[in-house]
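Visitor: I'd like to ask you about the structure that follows.
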Amino acid sequence: MPAPSPDPARRNDAEGAPVAPVPGLRLAVLAEALFLANLLVAPGLAFAVLAALWWRHRHSAPPLARQHLKQAVAVSFWGGALLVAFSALFIHAGGLTWAWTWVAVILYFTCIHSTLVLFGMFGLSRAMAGQPYRYPLIGPSLS
């Protein structure tokens, strides 16, 4: 059994023969990892880094990386906006003192947030495999 290659852009096929590196693989994986970091570890900071990467590479990156960057930035923006907007709507409708308001806000936030994390894991696995990925419902179309 051949030892795994330390370089994620260089892969081996089933027989251990080297496969050509996938252009943009590292940047695609970084984009999806930053999407997850924005949700789980460093909200805001990871989004700023992700947005800066997208701004820097939006025209020059290989198609795989450009597509993953576009998806991660768009879903980070729209997902965050939906989380904040609907939570604010629930609080506005129910008031701060009504217990059921907080049940609705926490339930909504938990369900949507965990769904975004799950889809982010799918996106990361597709990026690591060198394949495109479109986030369901709020992801921009693949181009």
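Each value in this text was obtained by applying a stated rule to the coordinates, not by laboratory testing. Computed from a predicted structure; not experimentally measured. Note: ideal-geometry Cβ built from the backbone for every residue, glycine included; neighbour counts use all protein chains shown.
Visitor: Which FRET efficiency value, to the nearest 0.05, is calculated for M128 and V103 with the Förster distance at 25 angstrom and r the Cβ-Cβ distance?
Guide: The calculated FRET efficiency here is 0.10.
Visitor: Another question, if that's okay. Pop a pseudo-label 7 angstrom from the Cα along the beta-carbon direction at both A42 and R26 and give the gap in nm to one decimal.
Guide: So the two model labels end up 1.9 nm from each other.
Visitor: Let me ask something else about it. Going by C-beta contacts inside 10 Å, put V29, V49 in order with the fewest on the left.
Guide: V49, V29
Visitor: Then there's this: Give the residue from A88, W55, M121 lying farthest towards the positive end of the charge dipole for the chain; charges sit on Cβ (+1 for Lys and Arg, -1 for Asp and Glu) and the dipole is referred to the Cα centre.
Guide: Working it through, the farthest residue towards the positive pole turns out to be W55.
Visitor: By what distance, in whole Å, do the Cα atoms of the chain stretch along each of the three principal axes, largest value first?
Guide: 64, 36, 25
Visitor: In whole Å, how far is the Cα centre of region 100-122 from that of region 57-94?
Guide: Value for the Cα centre distance between the two parts: 15 Å.
Visitor: On to the next question. I need the calculated FRET efficiency for the pair I91 and R56, taking r as the beta carbon distance and R₀ as 41 Å, to the nearest 0.05.
Guide: 0.65
Visitor: For H59, H68, H113, what's the fewest-to-most ordering of other Cβ within 10 Å of each Cβ?
Guide: The most exposed by this proxy come first: H59, H113, H68.
Visitor: I would also like to ask the following. So how do S143, S87 line up by other beta-carbon neighbours within 10 Å, fewest first?
Guide: Neighbour counts put them in this order, fewest first: S143, S87.
Visitor: Still on this model: Which of the chymotrypsin sites (Phe, Trp or Tyr not before Pro) across region 12-117 are loop residues per DSSP, with 13 or fewer other Cβ within 10 Å?
Guide: Within region 12-117, the qualifying chymotrypsin sites (Phe, Trp or Tyr not before Pro) (loop, at most 13 other Cβ atoms within 10 Å) are W98.
Visitor: Further question on the same structure: Once every DSSP H run of n ≥ 4 in the chain is given -39500 (n - 2.57) and the sum is divided by its residues, what mean residue ellipticity at 222 nm do you get, rounded to the nearest 500 deg cm²/dmol?
Guide: -22500 deg cm²/dmol
Visitor: How big is region 43-123 by the Kirkwood estimate over distinct Cα pairs, in Å?
Guide: Taking the inverse mean of 1/r over all distinct Cα pairs, region 43-123 comes out at 14.3 Å.
Visitor: Using a cut-off of under 19 Å, list every residue of region 64-88 whose amide N is near the label point 7 Å from the Cα of I138 along the Cα-to-beta-carbon line.
Guide: The answer is 68-88.
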